[in-house]
Amino acid sequence: MYIPITLNCELATFGPTEQVLGGGGPGPVRRINYPHHDAGENLGELLVMNIPEGDVKWRYRQRAPINTAALTTGGGLVFVGDWNRYYYAFDAETGEKLWQTRVTTSAQGFPMSYMIDGKQYIAMPVGVGGASWSGMLPRDLTPELTRPRNGNSIHVFALPN
């Protein structure tokens, strides 16, 4: 199993909300983010586990949070993208980083794979997304990483034959 993880802790204090029909919601919230105590300065991790045994097979840690789902291919690759505008391909068995590229803005969402005329492609969405934790957390804990404010697109890469 390939699990992208954000290594942080959060203290959230929720304020009162008016209890009215059709209203409500969570109310005001104050959030304080902290790095996870076992993560050092890293916020991003791709954790790979053998499910039957529950053993960690390999892990890759980095400063920027991993912002996407993991996509695995039948050819033994795993793809993820991060908040700092990078996409990566790893050897699914060993964890060796095989490829990386920097794109126009933060990686978001769910990479996908498709094939046309026998050629395999990986499509990776990028953009600032909606209102999500991903805009808050790195700004608080990794101020040296800057995120562009726009640039939504889909990047498509052809895999080698």
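So here's what we get for this one:
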read-out: Selection within region 34-53 - among the polar types (S, T, N, Q) and either in contact (Cβ under 8 Å) with a residue 60 or more places away in the chain or crowded, with 16+ Cβ neighbours inside 10 Å (or both); value: 42
read-out: Looking only at region 104-126, and only at residues there that are over 14 Å from the mean Cα position of the chain (by Cα) and of a type outside the set (A, V, I, L, M, F, W, C), the one that is modelled with the lowest pLDDT; value: 104
read-out: The listed residue being hydroxyl-bearing (Ser, Thr, Tyr), modelled with pLDDT of 95 or more, more than 20 Å from residue 139 (Cα to Cα) and in a loop (DSSP other than H, G, I, E, B), out of 17, 94, 101; value: 94
read-out: Qualifying positions in region 1-18 - hydroxyl-bearing (Ser, Thr, Tyr) and surrounded by fewer than 11 Cβ atoms within 10 Å (Cβ to Cβ); value: 13
read-out: Flag if residue 150 is within 20 Å of residue 8 (Cα to Cα) and either in a loop (DSSP other than H, G, I, E, B) or at pLDDT below 95 (or both); value: no
read-out: Any chance residue 142 is among the polar types (S, T, N, Q), in contact with an Asp or Glu (Cβ under 9 Å, 6 or more places away or on another chain) and under 30 Å from residue 32 (Cα atoms); value: yes
read-out: Some residue of region 20-33 being exposed (fewer than 12 other Cβ atoms within 10 Å of the Cβ), in contact (Cβ under 8 Å) with a residue 12 or more places away in the chain, at positive phi and not basic (Lys, Arg); value: yes
read-out: Enumeration of residues in region 37-57 that are part of a strand (DSSP E or B), over 15 Å from residue 100 (Cα atoms) and among the hydrophobic types (A, V, I, L, M, F, W, C); value: 47, 48, 49, 56
read-out: Leading residue by the ranking (farthest from residue 82 (Cα to Cα)) among those in region 20-36 that are assigned to a strand (DSSP E or B) and among the β-branched types (Val, Ile, Thr); value: 29
read-out: Close pairs from region 71-94: first more than 12 Å from residue 157 (Cβ to Cβ) and without any contact (Cβ under 8 Å) to a residue 40 or more places away in the chain, partner outside any strand (DSSP E or B) and among the small types (Gly, Ala, Ser), Cβ under 8 Å, at least 6 apart; value: 76/92; 82/64; 82/106; 86/64; 91/76; 93/76
read-out: Pairs with Cβ under 8 Å, 6+ apart, first in region 95-106 and over 13 Å from residue 79 (Cα atoms) and touching a residue at least 12 places away in the same chain (Cβ under 8 Å), second surrounded by 12 or more Cβ atoms within 10 Å (Cβ to Cβ) and of a type in the set (Lys, Arg); value: 102/85; 103/85; 104/85; 105/85; 105/147; 106/85; 106/147
read-out: Region 58-91, subset in a loop (DSSP other than H, G, I, E, B) and over 17 Å from the mean Cα position of the chain (by Cα), residue surrounded by the fewest Cβ atoms within 10 Å (Cβ to Cβ); value: 74
read-out: Pair list, Cβ < 9 Å and 6+ apart or interchain, from region 143-161 residues that are within 10 Å of residue 104 (Cα to Cα) to residues that are basic (Lys, Arg); value: 147/85; 147/139; 148/85
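The values are calculated or read from the model by the stated rules, or taken from the named source; none is laboratory data. No experiment lies behind these values; they were computed from the predicted model shown. Glycine gets a Cβ as well: all are built from the backbone with ideal geometry, and neighbour counts include every protein chain shown.
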